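First up is the structure itself, then whatever we jot down about it.
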Amino acid sequence: MATQRRLRLGVNIDHVATIRNARGGRHPDPVRAARLAVQAGADGITAHLREDRRHIADDDIARLVREIDRPLNFEMAATAEMLRIACTHRPHAACLVPERREERTTEGGLDVVRGFATLKPVVAELTQAGIRVSLFVEPDPAALDAAVALSAPVVELHTGAYCHAHLEDPAGARTARELDRIVAAAAHAERIGLECHAGHGLTFDTVGPVAAIVSIAELNIGHFLIGEAIFGGLDSAVRRMRALMDQARSAALGQRSA
Ligand code: PXP
């Protein structure tokens with residue numbers, strides 16, 4: 001697979017819906033946020049319809065597919081209900097994620113090895129419906145090998161452990177180790193023919209080293225951008241993230257060709 005020159009940004013608008021749902025009603029509208037994010041440089045929109053509908057609602061997914069002219073990355077648990085919804089709306093991509101009701105966010109990647117038998121028919125049915133399947137996994141070569149065995153074309157590497165380590169000690173050994181795991185997993189993904197995405201917990205401070213990994217094709221970023229939007233607006237937050245990603249990617253490619 002060729003080195004990825006342009007790094008795509010998928011903006012996750014789940015937490016616009018979190019704020020809306022705090023009061024019910026329609027404001028703020030995640031579809032309006034998606035439109036703004038696209039104008040500011042997002043290449044696609046990501047939304048996670050959770051089993052408990054704590055943020056994104058069914059109607060948001062229908063409207064995102066209908067009203068936004070950029071690819072929708074539909075995050076979903078591998079359940080019969082979500083499979084039915086995905087096959088009804090046929091988003092550009094579906095990212096299979098683990099889901100537990102009690103978790104605050106998606107804590108950890110899918111256990112692709114142990115969950116192989118459950119995932120197999122879900123990946124097959126989504127693929128048959130023309131939906132590009134990605135699996136949200138830890139940066140672990142065994143998970144990537146299992147993704148290939150499942151015939152999933154894409155993996156998204158969970159960057160949460162790296163971002164947590166960075167928060168505690170940006171220059172620490174654990175941060176470097178977690179980043180190395182992502183670098184190694186992205187290289188492994190490229191070797192075995194998987195398209196590689198990454199996301200979770202990324203911020204202005206942590207995005208650069210991940211964007212510099214040239215075999216990564218797409219980053220999906222949500223919570224931090226929506227939080228930043230409170231202070232400076234969504235347009236400005238997305239533009240700055242886009243610029244930081246582009247700078248890091250250009251510098252990495254420059255180093256490669258030097
Ligand atoms: N990618 C996946 C698969 C996710 O589940 C999430 C969180 O919903 C994200 C990316 C975005 O993470 P964050 O909101 O922390 O930027």
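Of all residues in region 80-99, those satisfying the criterion of being closer than 18 Å to Thr118 by Cβ, out of contact with any strand residue (DSSP E or B) (no Cβ under 7 Å at 6 or more places or on another chain) and surrounded by 14 or more Cβ atoms within 10 Å (Cβ to Cβ) are Leu83, Ile85, Cys87, Pro98, Glu99. Checking each residue in region 100-145 for being within 10 Å of the ligand (Cβ to nearest atom) and either open to solvent by 50 Å² or more (accessible area, probe 1.4 Å) or among the basic types (Lys, Arg) (or both) picks out Thr105, Glu107. Is it the case that some residue within region 171-190 is more than 28 Å from Arg239 (Cβ to Cβ), free of Cβ contacts under 8 Å to residues at least 60 places away in the same chain, within 13 Å of the ligand (Cβ to nearest atom) and open to solvent by less than 60 Å² (accessible area, probe 1.4 Å)? No, region 171-190 contains no residue that is more than 28 Å from Arg239 (Cβ to Cβ), free of Cβ contacts under 8 Å to residues at least 60 places away in the same chain, within 13 Å of the ligand (Cβ to nearest atom) and open to solvent by less than 60 Å² (accessible area, probe 1.4 Å).
Are any residues in region 1-41 closer than 22 Å to Leu135 by Cβ, assigned to a loop (DSSP other than H, G, I, E, B) and modelled with pLDDT of 95 or more, and if so, which ones? Leu7, Ile13, listed by residue number.
Among the residues of region 208-237, those that are under 20 Å from Ala34 (Cβ atoms), touching a residue at least 40 places away in the same chain (Cβ under 8 Å) and within 15 Å of the chain's Cα centre (by Cα) comprise Glu218, Leu219, Asn220, Ile221, Gly222, His223, Leu225, Ile226.
Of the residues making up region 151-162, just one is in a loop (DSSP other than H, G, I, E, B) and over 16 Å from Ala93 (Cα atoms), namely Thr159.
Arg35 meets all of the listed conditions (1) open to solvent by 10 Å² or more (accessible area, probe 1.4 Å); (2) in contact (Cβ under 8 Å) with a residue 60 or more places away in the chain; (3) of a type outside the set (S, T, N, Q) but one, namely (2).
A single entry from Val238, Val148 fulfils the requirement of being open to solvent by less than 30 Å² (accessible area, probe 1.4 Å), touching a Leu at 6+ places or on another chain (Cβ under 7 Å) and modelled with pLDDT of 95 or more: Val238.
Residue by residue, here is whether (1) in contact with a Pro (Cβ under 7 Å, 6 or more places away or on another chain); (2) more than 21 Å from Gly44 (Cβ to Cβ) holds:
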site: Arg181; (1), (2): yes, yes
site: Ala185; (1), (2): yes, yes
site: Thr203; (1), (2): no, no
site: Pro209; (1), (2): no, yes
site: Ala217; (1), (2): no, no
site: Ile221; (1), (2): no, no
site: Phe224; (1), (2): no, no
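Restricting attention to region 241-258, the residues that are exposed (fewer than 14 other Cβ atoms within 10 Å of the Cβ) and among the aliphatic types (A, V, I, L, M) total 3.
The values are calculated or read from the model by the stated rules, or taken from the named source; none is laboratory data. Note that the structure is a prediction, hence the values are computed from the model and not measured. In this analysis, Cβ positions are derived from the backbone assuming ideal geometry, glycine residues included, and neighbour counts consider all displayed protein chains. What goes into the accessible areas is simple: the full protein's heavy atoms, side chains included, and nothing from ligands, DNA or RNA. Shrake-Rupley method; radii C 1.70, N 1.55, O 1.52, S 1.80 Å.
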